[in-house]
Amino acid sequence: MRENWRQFSLLVLINAFVGGMVGLERTVVPLIGSEEFKIASTTIVVSFIVSFGIVKAVANLVSGHFADVYGRKHVLVLGWLVGLPVPFMIGWGPTWGWVIAANALLGVNQGLAWSMTVIMKVDLVGPKSRGLAVGLNEFAGYLSVGVTAFLTGYLAERYGLRPVPFYLGIGYAVLGFILSLFLVRDTRHHVELEVSRHAPAMAAVGFWEVFRRASFGDRNLFAASQAGLVNNLNDGMSWGIFPLFFAAFGLGVERIGILKAVYPAVWGVLQTVTGPLSDRYGRKGLIVAGMWIQAAGLFLTAATRGFGWWLVASVLLGVGTAMVYPTLIASVSDASHPSWRARSLSVYRFWRDMGYAIGALAAGIITDLFGAAWAIATIGVLTFISGALVAVVMRGPVRP
């Protein structure tokens, strides 16, 4: 990392802009659907997350292949090109369909740009510091998610839900595109060096073989993929349901913004600690404990009423996710040969981000049928079960 600190730091900054694009939506967009467009069905309100999750998952899946064929930098720049219209479409779109379409573009932006910042950092640092590299990457992205969620809530309280909060997104998209185009250097040569010096020779592995291994063919990769899916399943639920749940009890937009900011901010900051811890002590224990702490945060949210209790629950969600998020990516990198690591990470991220769509859709349906508290508690049960599955299936401790 010392030898490549300039490029590494630049990629950390760029991923902060990538995360900010998602943070634009954490507080405001569900309220735009229910209050501006008068959409009564929670399932329809969270449809923007479904479009985002499906498209991002597919973009993740192809990003590793494109990165190996065309280069990491080209894919990163393409991701920003696709993301440029997003804040304009959400901030000024005349119908809810514009918001859904914008989130499809946002899914491409996130799938390509965030994937590349992860892959390029892993390329730069080598096998001994993967947890630290991923932790710093996710720290920048999710701290930015939290800060932007707070800022959009603050701006919405004072200037309305649209368009002022989305001025931030215009700045993020323009700066991310310019920095990626003019200052980022490709990292494929680092992979070639790692393969030649440290990795044993092996036969070429095709995409579908990598997909099979990362999905269910390797027990560590399977454990990571299902945990990633459930982690983002509960995140997708919280993204769409929490603002509506809190608003139903009379919480204002600014206080909702605080709750929506605390979770990703804690998640982001603590990853600078949990990533290196996983390098030193192994991956499995952090993943299992993190999933169970997330489940506790969800149960507390569903069972209590009031800003104070929800704030504690948001902190628990942030702590648990910080333990899980960089550790899962590092565990996938550990179990993958450098020659197909980018594709393996892309398959993991496909399953992980498909959780957004599944979680938002499932939570919307359960909320419409039984209420938001039941949706939150049900996702909490699934999160606990996922942690137990990692405890049984993953070989541990898993170290580089």
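Residue under question is Leu78, and the condition is that it be part of a helix (DSSP H, G or I), of a type in the set (A, V, I, L, M, F, W, C), closer than 28 Å to Phe207 by Cα and within 20 Å of the chain's Cα centre (by Cα); does it hold? Yes: the conditions hold for Leu78.
Among the candidates Gly71, Gly79, Gly64, Gly111, single out the residue that is open to solvent by less than 20 Å² (accessible area, probe 1.4 Å) and at pLDDT 95 or above.
Gly79
Quick check on my filter: what residues within the stretch 361-387 are farther than 14 Å from Val46 by Cα, open to solvent by 40 Å² or more (accessible area, probe 1.4 Å) and of a type in the set (Val, Ile, Thr)? Thr378, Val381, Ile385, listed by residue number. Pairs are defined by a Cβ separation below 6 Å, a sequence spacing of at least 6 or placement on different chains, a first member in the stretch 137-155 that is modelled with pLDDT of 90 or more, and a second member that is in a helix (DSSP H, G or I) and charged (D, E, K, R); the pairs so defined are Ala149/Arg26; Ala149/Lys260; Gly153/Glu254; Tyr154/Glu254. Checking the structure you have, find out if any residue of the stretch 27-50 is farther than 18 Å from Gly364 by Cβ, open to solvent by less than 40 Å² (accessible area, probe 1.4 Å) and in a helix (DSSP H, G or I). Scanning the stretch 27-50, I find no residue that is farther than 18 Å from Gly364 by Cβ, open to solvent by less than 40 Å² (accessible area, probe 1.4 Å) and in a helix (DSSP H, G or I), so the answer is no.
Has the stretch 6-21 got any residue that is polar (S, T, N, Q) and open to solvent by 10 Å² or more (accessible area, probe 1.4 Å)? The answer is yes; a qualifying residue exists. Take the conditions (1) open to solvent by 50 Å² or more (accessible area, probe 1.4 Å); (2) at pLDDT 95 or above; (3) within 21 Å of Arg352 (Cα to Cα); Val312 misses just one of them, which is (3).
For the stretch 87-94, the criterion of a residue being open to solvent by less than 10 Å² (accessible area, probe 1.4 Å), closer than 19 Å to Ala16 by Cβ and either under 16 Å from the mean Cα position of the chain (by Cα) or modelled with pLDDT of 90 or more (or both) is satisfied by at least one position.
Filtering the stretch 283-309 to residues that are surrounded by 19 or more Cβ atoms within 10 Å (Cβ to Cβ) and either in a loop (DSSP other than H, G, I, E, B) or of a type in the set (Ser, Thr, Tyr) (or both) leaves Arg283, Thr301.
Among the residues of the stretch 234-275, write down those that are among the hydroxyl-bearing types (Ser, Thr, Tyr) and either farther than 22 Å from Tyr325 by Cα or touching a helix residue (DSSP H, G or I) at 6+ places or on another chain (Cβ under 6 Å) (or both). Tyr263, Thr272, Thr274, listed by residue number.
The values are calculated or read from the model by the stated rules, or taken from the named source; none is laboratory data. Here the structure is a predicted model, which means the values were calculated and not measured. Positions of Cβ are backbone-derived with ideal geometry, glycine not excepted, and every protein chain shown enters the neighbour counts. Note: accessible area is taken over every heavy atom of the protein model, side chains too, but ligands, DNA and RNA are not part of it. Shrake-Rupley method; radii C 1.70, N 1.55, O 1.52, S 1.80 Å.
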